[in-house]
Each structure stands twice: as C-alpha cells, then as structure tokens.
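Asker: Provided herewith is a single structure, encoded as structure tokens, for subsequent inquiry.
The values are calculated or read from the model by the stated rules, or taken from the named source; none is laboratory data. Here the structure is a predicted model, which is why all the values come from computation and not from measurement. Every residue, glycine among them, receives a Cβ derived from its backbone with ideal geometry; neighbour counts consider all protein chains shown. Surface areas here come from the heavy atoms of the whole protein model, side chains and all, with no ligands, DNA or RNA. Shrake-Rupley method; radii C 1.70, N 1.55, O 1.52, S 1.80 Å.
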Amino acid sequence: MKTILLAFILFFGNLIYAQTFEFNYTYTFKKDSVSKRNFTEIMTVFSNENSRFYRSQSKILSDSVGYTKNKIFTDANTLITTTESYISSVDNTTIEIDLNSKIQQNWIFTYDRAVVSSEELNLPIWNLSDERVMYNNLKLKKATTYFLGRNWTAYYTEEIPVQIAPYNFYGLPGTIVKLEDSNSLFKFELLNYKPKVHLDNFYSTSINFRRKKDFEKITSKEMYEYGKFLIQNSAQNLINSGVQLSEEQVKKIENNIKNRKYIFLDPTIPFVI
C-alpha cells in the first residue's frame, strides 16, 4: 500500500492514453457468522467507461491459464486438472455492472451448470460525513450506509476521479479505498490500481464471457434458489462432479451444513462473491 502514491502518479500520467483501469482490493471475509476463521481474496474491478467487472484475481488467472492450455474446457475434470493450483475462497462468479443503464448481471459458473441473472442495479444510499483522514498519502472522506442488511462505513477519495467500488457499492464521487461492515464480517481495502490499454484478454479468456452462449438465463429468484440448493446438497454435488466420498464423509458434510450459519456479502445471491 505504500506504493499507492506512485501508482497514483502513474495513473494520471497514463490517463490520456487509457480509459480502461484495473483496481485490486484485498477482501477479508467470513463465510460463517459462528466460525472465527477469516478468508482473504484479491478481488479485481475492471473499469471501462460505464462498465464495471468484479471478479476474483485468482479466477482471472485460472481462466487465462486454462484457455491457453485447452482453448476450451470440455468437462469438469479437465477444468480442475488444468487450474487446480489456483486456489480461491470465492465462487466462480463475475459481476457485470452498467452504471449508465443501471443493470447488474451475475454470471455464475459451477461444475454442472452455468447461469446468469439480470436485474436492476441496487445502489446504496450514502450519508456523507465531514470527517477527513489521510491514508497512504491520499485524502479520504467518510461515508456510511445501511445496505444489503448491514451497516457499512466507507472511506473514499476524490483524488482518483473514477467511480470505483468493490461489488456494487457505487454512488460515491470517487474511488472507495476502505469499506467495512459494522460487525467486521466483510472488509475491502484498495491494494493497487493501474490503467489498462484494453480488456480484450479478459473478454477472450474469462470463462464467463468466452462461453456466454453456454449460460442459461434465469431470474433473480431462480438464482437465489439455485444457490440455496447447492449449499443444501453439497455432498451430492461433489459426488456428481466426480469426487469420491465415503459414507462417513457425506455425513460429516451434512452435519457441517446443519451447524453452520452461512452469511453472504449479498443475501439475495447466496454465493461467495
């Protein structure tokens, strides 16, 4: 994070040459409100004029490697074998947001199904504060909101004149640098950012966009029901994907499901995003 000022200078030095940018956030989160375990993932936000794409960095790398080696994945085993070194704590999702049309598309790829839902973009209503802080040589302003069933505090900067946020936390006049809910279940912190010449590589290698024709269009309600189904049938889904489980392992998975208190960044989309 100490290099963020240098990145800031380079950012504006290249501003006239690129309208596409890459922002990376350190994402610390819990999957279970009872467990003390935290997970960490690097989440990438690509900005291209009014379009925003939110996806795990490890998934982006996995897509690229898999595409280079196989050109196209023919089955789940090939996908796993090719990209197994890219371990991720989040589900295989891409969130596509159009700030102009106010539409959000949720692209979700699982071992047995590829689905996409489209919905009106739900934006937080921000309460702007007079509080100002300095953070890594950036002047930050504070804002709060109640959104997705939680109270959130954001620190954003207008010194980066691009509206950037993790997931769909848009609506502030600048870039969100820090974002956290009041219970510290979900936390984002801007790691770095840079201009990009184009997104051609992302479009051509990302499994969500390279295989658009394979995605089944479903409603938001169906997406919610599908996510819940996957959770409740985790053991059977693993077996269906080719994983061999003993009876004891199946029972352990089923007991874990009963005892866990699953939480999600967006309760309407029960996937780890």
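Asker: With respect to Y111, determine if the residue is surrounded by 14 or more Cβ atoms within 10 Å (Cβ to Cβ) and in contact with a helix residue (DSSP H, G or I) (Cβ under 6 Å, 6 or more places away or on another chain).
Answerer: Working: surrounded by 14 or more Cβ atoms within 10 Å (Cβ to Cβ): yes; in contact with a helix residue (DSSP H, G or I) (Cβ under 6 Å, 6 or more places away or on another chain): yes.
Considered against the rule, which asks whether it is surrounded by 14 or more Cβ atoms within 10 Å (Cβ to Cβ) and in contact with a helix residue (DSSP H, G or I) (Cβ under 6 Å, 6 or more places away or on another chain), Y111 comes out as yes.
Yes or no, residue by residue, for (1) in contact with a Gly (Cβ under 7 Å, 6 or more places away or on another chain); (2) touching a residue at least 24 places away in the same chain (Cβ under 8 Å); (3) within 27 Å of N106 (Cα to Cα):
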| position | (1), (2), (3) |
| --- | --- |
| E216 | no, yes, yes |
| K221 | no, no, yes |
| I231 | no, yes, yes |
| K251 | no, no, no |
| E254 | no, no, no |
| D266 | no, yes, yes |
| I269 | yes, yes, yes |
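Asker: Follow-up. Scan L191, L238 and give me the residue that is farther than 24 Å from V116 by Cα and of a type in the set (A, V, I, L, M). It would help to see each step written out before you state the result.
Answerer: On the way: L238 fails: farther than 24 Å from V116 by Cα.
After ruling out the rest, the residue left standing is L191.
Residues checked against (1) within 18 Å of the chain's Cα centre (by Cα); (2) of a type in the set (A, V, I, L, M, F, W, C); (3) farther than 22 Å from W107 by Cα:
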site: Y146; (1), (2), (3): no, no, yes
site: I160; (1), (2), (3): no, yes, yes
site: V177; (1), (2), (3): yes, yes, yes
site: S182; (1), (2), (3): no, no, yes
site: L191; (1), (2), (3): yes, yes, yes
site: P195; (1), (2), (3): no, no, yes
site: N208; (1), (2), (3): yes, no, no
site: K212; (1), (2), (3): no, no, no
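Asker: Only one of L140, L172 is farther than 24 Å from I269 by Cα and modelled with pLDDT of 95 or more. Can you tell me which? Full working, then the answer.
Answerer: Working: L172 fails: farther than 24 Å from I269 by Cα.
Result: L140 is the single residue among L140, L172 that is farther than 24 Å from I269 by Cα and modelled with pLDDT of 95 or more.
Asker: Report, ordered by the first and then the second residue, all pairs with beta carbons closer than 9 Å, sequence separation of six or more or different chains, a first member in the stretch 201-212 that is under 15 Å from T93 (Cβ atoms) and among the charged types (D, E, K, R), and a second member that is modelled with pLDDT of 80 or more and open to solvent by 20 Å² or more (accessible area, probe 1.4 Å).
Answerer: From residues that are under 15 Å from T93 (Cβ atoms) and among the charged types (D, E, K, R), the pairs are R211/F109.
Asker: Select the helices (runs of 4 or more DSSP H) contained entirely in the stretch 181-273, then report the ones holding at least 3 residues which are out of contact with any Asp or Glu (no Cβ under 6 Å at 6 or more places or on another chain) and open to solvent by 40 Å² or more (accessible area, probe 1.4 Å).
Answerer: Passing ranges, in order: 200-205, 220-232, 234-240, 247-259.
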